[in-house]
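All remarks here apply to the structure that follows.
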Amino acid sequence: MERIQNWFLQINMERIRNWFWQSKKTQSSGNLVTILSIDGGGVRGIIPATILEFLESQLQKLDGESARLADYFDVMAGTNTGGLVAAMLSAPDDKQRPLYSAKDIKSFYLEHSSKIFPQSSWLGSIKKVLTSGPKYDGKYLHSIVREKLGEIRMHQTLTNIIIPTFDIKTRHIKFFSSYPPCLDARLSDVCIGATAMPIYFPPYYFKNQDRDGNTQEFNLIDGAIYASNPTLIAIREVTNHNQNIDFNSIKPKKCSGFLIISLGTGSPEKKVVEKWGFLDWLAHGVSPPEFLTQSSGLGVYSHLARFNYLRIQDDTLTGINSSFDISTKTNLENLCQIGESLLKKPVSSVNLNKEPVENTETNEDALKRFAKMLSDHRRVRELNRGTFAH
């Protein structure tokens, strides 16, 4: 736990704070760095997928049916299933447009979750975990991810992406990103490794050869123990690479503010978690360190909430809705409904003392507001480049 806390303390908070103080001044100039962050959570990825479908529909109302999320976000960061979502949203087709729309993501979960997580009795699942390794062999997950992402590599994504993993051979967190110099692996390999949640799927081993002919070996599992919510990682990478990257033709030194949408996959209600034993943690696909890591960011979020930052998360899940892998038709439909109802709930925010603040604005209202900001921001950028086409 101390190692995790020290890792977060390495983030240069003064630099991040200074960037945010400039955001109001730079918003109208099109120089904000826009970030989409998506948590991990197995089948609960349907919840942010539902939110993203709504956000993209609002952008399409503003800018036309061809609008896609990758057109608006400079960076997409995702952990576990969130990494797969980020990869699918940013993968290019043969016309250099996003291969998948936001509504395709929800359809992906509804169509394939039951095959990725084939259901068996609870007792049988626990017995398998305790006696013969991971609960699932991952074969269908591997095949469908390879089918959806093909041979696309990190450098080909339509926007910058960041996907954290953990290499069990080197025992180090491994960030796959499209920032130069990037580990130019296939998106499919990165996503298979990123979704290899311990207990549920086996580690994923692969060799990668980069454009210079260098070969590296990886043996990956999910990076959620370090970053279930990858928002801080995205900020850290942007600030660290600020002198080396170009956000849609914005000169790096002029990037002096953020606009961030961070989406959770839901978490169990606190009073339920307090009664959990070891097997309960495993059954819900959450490790105690991961749960603590989520909480450790609250102080930062209280600062972000004062600027262009929107966090959407449901912390009241109960029963099978909070599970990592219950892929029955009923549960998948329930998760869709949770995502829809989350849109109608008030925006969650805290003050500098980490105390809840009453908010009359709903998540739906906030997303509409952010969609307008994203649209305006994109228009200013295009005007600055002389490519405005609307």
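The values are calculated or read from the model by the stated rules, or taken from the named source; none is laboratory data. These figures come from a predicted structure and were not determined experimentally. Cβ coordinates were reconstructed from backbone atoms using ideal geometry, including for glycine residues, and neighbour counts include every protein chain displayed. Just the protein is used for accessible areas: all its heavy atoms, side chains included, with ligands, DNA and RNA removed. Shrake-Rupley method; radii C 1.70, N 1.55, O 1.52, S 1.80 Å.
Before moving on, here are some points about what is shown:
- By a 1.4 Å probe calculation restricted to protein chains, F218 has an accessible surface near 10 Å², given to the nearest 10.
- Scattering from the stretch 128-193 was approximated by placing one identical point on each alpha carbon and applying the Debye formula without solvent; log10 I(q)/I(0) at 0.15, 0.20, 0.21 1/Å stands at -0.57, -0.88, -0.93.
- Nitroxide proxy distance, nm - points 7 Å out along Cα→Cβ at T170 and K372: 4.6 nm
- Label point 7 Å beyond Cα of K344 along Cβ direction - residues of the stretch 43-66 with amide nitrogen under 16 Å: 51
- Listed pairs K115/K148; K106/K329; K135/K329; K135/K207 exceeding 22 Å between Cα atoms: K135/K207
- Of the accessible area of the stretch 165-244, computed with a 1.4 Å probe over protein heavy atoms only, carbon and sulfur atoms account for 48 percent.
- Theoretical FRET efficiency, 1/(1+(r/R0)^6), r = Cβ-Cβ of Q156 and S120, R0 35 Å, to 0.05: 0.35
- Considering the stretch 55-208, its Cα convex hull presents a mean projected area of 10.2 nm².
- Under 12 Å, Cβ to Cβ, from A194 - net charge with Lys/Arg +1 and Asp/Glu -1: -2
- Positive-end ranking of H155, G133, C182 along the dipole of the stretch 86-215, with charges on Cβ about the Cα centre, is headed by G133.
- Gain upon complete extension [K139, D94; 0.36 nm per residue less C-alpha separation]: 13.5 nm
- Simple label model, 7 Å out from Cα along Cβ direction - K103 to E382, nm: 2.1 nm
- Subtracting the Cα-Cα distance of K61 and E361 from 0.36 nm times their residue separation leaves 105.9 nm of extension gain.
- Each other residue within a Cβ distance under 11 Å of G83 adds +1 if Lys or Arg and -1 if Asp or Glu, for a net charge of -2.
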